[in-house]
Amino acid sequence: MSAMNTQGRPTRPDAVVSADSAPATFSGNRALHLEEKLIFEKDSAGRSGVDLPEPPPVANRLGGLARGEAVGLPGLSEPQVVRHYTRLSQKNYAIDAGLFPLGSCTMKHNPRLNERMARLPGFADLHPMQPESTIQGALQVMQQLSHWIMTLTGMPAVALSPGAGAHGELTGMAAIRAALEARGEAGKRRKVLVPDSAHGTNPATAAALGFQVSGIAEDDTGRVDLKAFEASLGDDVAAIMLTNPNTCGVFEYDIRRIADALHEAGGYFYCDGANFNAIVGRVRPGDLGIDAMHLNLHKTFSTPHGGGGPGSGPVVYSEALAPFAPVPRIQKNADGSLSLVEQAAGDAAQAFGRVKGFHGQMGMFVRALTYMLSHGSDGLRQVAEDAVLNANYLKARLKGEFSLPYGDTGPCMHEVLFDDTFLKGTGVSTLDFAKAMIDEGFHPMTMYFPLVVHGAMLIEPTETETKAALDEFADSLLGLAKAAKSGDTDRFTQAPRFSPRRRLDETQAARKPVLRWQAG
Ligand SMILES: *Cc1c(COP(=O)(O)O)cnc(C)c1O
C-alpha cells in the first residue's frame, strides 16, 4: 500500500476502547450519533423561521369557541428545524442505508428513475378534481398499469384503488362477500379457511368482514396439510385465504388441487399476493385457479414502503368476481378517450362500492409502471429468479450454523426460514439475537413470524443486493451464531450496545404507554 498517505494524523487508534467501558460524553452525543430532544423541548416561544407581516384586523366570528390562550406550537428558527429533522432522519435505518432482510416485506431498492418520473410536473401537479379531459395522460398510465398487472397475473380484471396490501385483502374479500350475496349464500357461507402460517392481516380481514376464521394446519414441509384442508370443506365455506409462495418461504405445489376442491365445494380462492416477487414473470396466478389476489406495489414493484403509507395494493379478479370489483373503473369511450366510472351503475351495477377517495395512489402507479417498463417482461422474470437465487445463497451459507425448521427439503423461494433450535441451551433467544444484529449494523430479519415455527427468523434478501452485501451479512450472522454457541452470552443479552438507545422496557411501554408530550 505504497500509495497510502503516511503523513499527518495516524488513522489507526492504538487501543480500541469498547463502547461499554468508554466514559459518557458531556453532550450525550456519541461521535456522530447526535442526541436529539423532542421539538417541544427545544421550544423558544415567539421564535419563528419566517417573517410574516402583521395580520390585518378581522372580525372574530368564532364567538365563544375562539381559543383564549396560545396555541402551544414550538417556536424554532429555520436552521433549528432543519437540524431537528435531519437528526431524526439519521436515526432511521432505511433501505438506502443498508440491507433490510425483513422476510415477507420485500424491502428492495426503490429505483431513482421511478422517483424522477413521479416528479414530472404533469403527474406531480395533478389535482384529483381536475376535469377528465385534462388528465387523459394519467388515466392512460392507470390503464397501462392495469394492462401489465392483468398480463403478469393472467387475471381479467383489476381494481387499482386500494391503498395497501391489507386494504387490498379487504377489497378482494369484499367482492367475494358481494358475490356470495348475489348467489343468496352469504348467510350460509360464513367460514373462511386460513392456514396457520398466514400473515396476521388475513384472519383480520376475514373477521372485519364478518366471516368466521377457521385455521388449517401445515404439514411437515411447511405447506398446507391437504387432508386437513379437504376435511374442512363444506357448504359453509366462503373462501380460503392462502399465500403462495407461503410465509415459510415454500411454494404450495398442490395449489391447483386446492383450487379445484374449493371451487367444487362452492368457495372462492383468495390468494395473498404479497410474495409475488418470488414468481413474477414465472407463474400466472390466473392459471392456478385464483379468484382474487392483491399485489403490493411497494413490495414487488419497488415503490417505497414509507412508514405506513403511501402504499398501494391493487387487486386482480377472476371472471367470476370481476362484476363485483369496486369503482372507480377505467373505461374507454367511443371516441377513444378514457374516463373513470365512479358510480355502481350500468356495467358496474354489481360493484360493491368504493374503498378509497378518488382513484388511489397516483404517484405509486407512475413509479410501478416505470419499474415495469424499465425491466420489461424478461427483466421482471429475472427479478423473481434473482430473488430466489439470493435467498438460496443465504440459505446455503447459513444452514451449517442455523437450523431449518423442516429440515433441508430443497430450495426455498425468495425467503429462507430458520428457527431457534440452534440457540437451544445457549441462553440466547431469537430476540437477543436480533438485538445483536443491530450492533452489527443490520436491521434484524422478521422474527417470531410465521407463528407455526418456534422462534422464527425469516430472511428475505431480495434481488437488489450484491453478492458482496450478502456475504457481509452472512459473515456477521455466522459470527453471531458461533458466538452464541461458544457461550459469549453477554454480547446478546446486553445488546444493542452501540445504538442510540439500549434495550427498551417493552412491557412497560405496552402497559403504560406515554403517548403525549407533557411539559415538565
Ligand atoms: C406485507 C404483507 C401483507 C400486508 O401488506 P401491507 O401493504 O403491509 O398492508 C399481507 N400479507 C403478507 C404475506 C405480507 O407480506
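The values are calculated or read from the model by the stated rules, or taken from the named source; none is laboratory data. Keep in mind that what you see is a predicted model, and the values were worked out from it rather than measured. Every residue, glycine as well, gets a Cβ built from its backbone with ideal geometry; the counts of neighbours run over all protein chains shown. Keep in mind that these areas ignore ligands, DNA and RNA; they rest on the heavy atoms of the full protein, side chains included. Shrake-Rupley method; radii C 1.70, N 1.55, O 1.52, S 1.80 Å.
Quick grid of which residues meet (1) more than 29 Å from Gln382 (Cα to Cα); (2) touching a Lys or Arg at 6+ places or on another chain (Cβ under 9 Å); (3) not assigned by TED's automatic domain parsing to the domain that holds Thr243:
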| position | (1), (2), (3) |
| --- | --- |
| Leu120 | no, no, no |
| Met129 | yes, no, no |
| Ser161 | no, yes, no |
| Ala186 | yes, yes, no |
| Ala198 | no, no, no |
| Val213 | yes, yes, no |
Discussion item. Take the conditions open to solvent by 20 Å² or more (accessible area, probe 1.4 Å) and either more than 16 Å from the ligand (Cβ to nearest atom) or on the phi < 0 side of the Ramachandran plot (or both) and apply them to Ser337. Does it pass?
Written reply: yes
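Take the residues in segment 283-302 that are assigned to a loop (DSSP other than H, G, I, E, B) and surrounded by fewer than 24 Cβ atoms within 10 Å (Cβ to Cβ); name whichever of them is nearest to the ligand (Cβ to nearest atom).
In the first step, residues of segment 283-302 are kept if they are assigned to a loop (DSSP other than H, G, I, E, B); the result is 283-284, 289-291, 295-302.
With the extra rule that they be surrounded by fewer than 24 Cβ atoms within 10 Å (Cβ to Cβ), the set shrinks to 283-284, 289.
Working: Val283: 16, Arg284: 19, Gly289: 19 Å.
Among residues in segment 283-302 that are assigned to a loop (DSSP other than H, G, I, E, B) and surrounded by fewer than 24 Cβ atoms within 10 Å (Cβ to Cβ), the one nearest to the ligand (Cβ to nearest atom) is Val283.
Could you check segment 94-175 for helices (runs of 4 or more DSSP H) lying wholly inside it with 2 or more residues that are surrounded by 15 or more Cβ atoms within 10 Å (Cβ to Cβ) and more than 16 Å from the ligand (Cβ to nearest atom)? Before you say what the answer is, go through the steps one by one.
Working: elements: 112-118, 121-124, 136-153.
Per the criteria, 112-118, 136-153.
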Item to complete: All but one of (1) open to solvent by 60 Å² or more (accessible area, probe 1.4 Å); (2) within 16 Å of the ligand (Cβ to nearest atom); (3) in contact (Cβ under 8 Å) with a residue 40 or more places away in the chain hold for Arg190, so report the exception by its number.
Response: (2)
